[in-house]
1. Restricting to the stretch 201-213, name every residue that is in a loop (DSSP other than H, G, I, E, B) and surrounded by fewer than 19 Cβ atoms within 10 Å (Cβ to Cβ).
2. Of the residues that sit in the stretch 285-313 and are under 30 Å from residue 225 (Cβ atoms) and part of a loop (DSSP other than H, G, I, E, B), which one is modelled with the highest pLDDT?
3. For the stretch 60-79, which positions are within 27 Å of residue 240 (Cα to Cα) and not in a loop (DSSP other than H, G, I, E, B)?
4. Which one is surrounded by the fewest Cβ atoms within 10 Å (Cβ to Cβ) among residues in the stretch 285-302 that are over 23 Å from residue 452 (Cβ atoms) and within 22 Å of the chain's Cα centre (by Cα)?
5. Considering every residue within the stretch 453-469, establish whether at least one is at pLDDT 95 or above, surrounded by fewer than 21 Cβ atoms within 10 Å (Cβ to Cβ), not in a helix (DSSP H, G or I) and not assigned by TED's automatic domain parsing to the domain that holds residue 50.
6. Can you tell me which of 330, 341 is touching a residue at least 60 places away in the same chain (Cβ under 8 Å), in contact with a strand residue (DSSP E or B) (Cβ under 8 Å, 6 or more places away or on another chain) and assigned to a helix (DSSP H, G or I)?
7. In the stretch 238-257, how many are under 19 Å from residue 187 (Cβ atoms) and part of a helix (DSSP H, G or I)?
8. So, residue 498, is that one free of Cβ contacts under 8 Å to residues at least 12 places away in the same chain and either on the phi > 0 side of the Ramachandran plot or surrounded by 14 or more Cβ atoms within 10 Å (Cβ to Cβ) (or both) or not?
């Protein structure tokens, strides 16, 4: 009689439970589950884009192991327990430091309701000192999760990476206007880690200051883009990579294949100033970079990546080529006092980027900054991990600022950028039109294709300009909105009937959103629970 084939273990991968962004025993209201509304456009109210992003890493992990896997994203505590009771052999919990208590609660629930399930902890939260004894677990995954799980379940660690097919975001609203299905981008996970090793950087230290590519070559990247286009009908890609362009050969080979096959794909990227300056604006334009997140950090050139960078010219020139720029700055750096911090805030505002992120200096576990501050006694004892998120109060002793002052300075920095430069969505509309102008009249065949894409993307913003004039938050913003609207009229001609109808609908939806903001506590948008199952490929 033939022996029975051993059943493969089953794996559940889960993000932490909601609700998110509320003051309770598990979290804080400042830690909103929306990247932009949490730490970029947080003080822009009605004009703050509202977007949720799935836990990309969990899907990548599930896609790359030889066992049946389920990804449970944004569950409630009850939904988590319900899923857990289905009899999984392994549970992976991904968490960051502010979600330490939630991860602990989930592990305790697993021990109670599924005592035979082995628990794997992963994510940046695993850098916390003594996490192995603080949270019930059987395994700790630090660094490369794909390699770690393949070591447990197969296939071989060196097997090719299988990329998930996912949209970059969902549950999206701009000024109360739902845009899911209208504006779509797919996520491209090209690699993790960064070799720059900035003292404060969680990502660089989490991967031991190494870069681990998931897409080694331009051909692999291009083939994935074509695959995503064929399957999802999407030609815009959000690239999750700390510094995609730093691997210049890959980027240039990608562009060569795009030009060869007539594929004017567009990309949102993270990049450092050193790399932007090296590859040049012309290359970025041809590659189709439409959004660039760039770490400015401070007016002072404190980091090697920013040595010699003229950020005023760089941001101006990037926007002139139609590239929306998000600049990030750090407050409460070691040289900051009550005067110099305003110099950095004013500098960040003066750059007039489309988006500005202000983050507090945060000694996060695992970073050199954390070890320095821990060993020198600068960390404030008793601050719960729920408050280690960089958008509330600092959790270390600064010689010139109290924790309460840090919260106030941070809020006012965001408010100043909004008051001076206006809504980010308006700045975006301005930038994308500049991009269409930059390629107008191009004779190069590929730039002609690029121009048609830019025209379409600019036209998407046209219906928003009338409402932006009507509901402008101040006189400066109204003046900018009127100027941008006039620029659109000059370039595209008077708005079509369709544009006027969309604009009228946008007015109505904006009024509706104003009412919603007043009625919904904390102006929160909670993400829905998403359950995705993956089956291992045969063979």
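The values are calculated or read from the model by the stated rules, or taken from the named source; none is laboratory data. Keep in mind that what you see is a predicted model, and the values were worked out from it rather than measured. Ideal geometry is used to build each Cβ from the backbone, glycine not excepted, and the neighbour counts take in all protein chains shown.
1. Going through the stretch 201-213, the residues in a loop (DSSP other than H, G, I, E, B) turn out to be 201, 207-210.
Once the filter is applied, which keeps residues that are in a loop (DSSP other than H, G, I, E, B) and surrounded by fewer than 19 Cβ atoms within 10 Å (Cβ to Cβ), the stretch 201-213 yields 208, 209, 210.
2. 288
3. Across the stretch 60-79, the qualifying residues are 60, 61, 62, 63, 69, 70, 71, 72, 73.
4. Taking the stretch 285-302 first, the residues over 23 Å from residue 452 (Cβ atoms) are 293-302.
Of the ones still in play, those that are also within 22 Å of the chain's Cα centre (by Cα) are 293-298.
Numbers: 293: 18, 294: 26, 295: 24, 296: 25, 297: 23, 298: 21.
Restricting to residues being over 23 Å from residue 452 (Cβ atoms) and within 22 Å of the chain's Cα centre (by Cα), the top hit is 293.
5. Step one: of the stretch 453-469, the residues at pLDDT 95 or above are 453-469.
This time we only want the ones that are surrounded by fewer than 21 Cβ atoms within 10 Å (Cβ to Cβ), so: 453, 455-457, 459-461, 466, 469.
From the residues that got through so far, the ones that are not in a helix (DSSP H, G or I) too are 460-461.
Then drop every residue that is not not assigned by TED's automatic domain parsing to the domain that holds residue 50, which leaves 460-461.
Yes, the stretch 453-469 contains a residue that is at pLDDT 95 or above, surrounded by fewer than 21 Cβ atoms within 10 Å (Cβ to Cβ), not in a helix (DSSP H, G or I) and not assigned by TED's automatic domain parsing to the domain that holds residue 50.
6. Details: 330 fails: assigned to a helix (DSSP H, G or I).
Checking each option against the conditions leaves just 341.
7. As a first pass, look at the stretch 238-257 and keep what is under 19 Å from residue 187 (Cβ atoms): 238-245, 247, 250-251, 254.
Going one step further and asking which of them are part of a helix (DSSP H, G or I), we end up with 244-245, 250-251, 254.
Selection size over the stretch 238-257: 5.
8. Working: free of Cβ contacts under 8 Å to residues at least 12 places away in the same chain: yes; either on the phi > 0 side of the Ramachandran plot or surrounded by 14 or more Cβ atoms within 10 Å (Cβ to Cβ) (or both): no.
In short, no.
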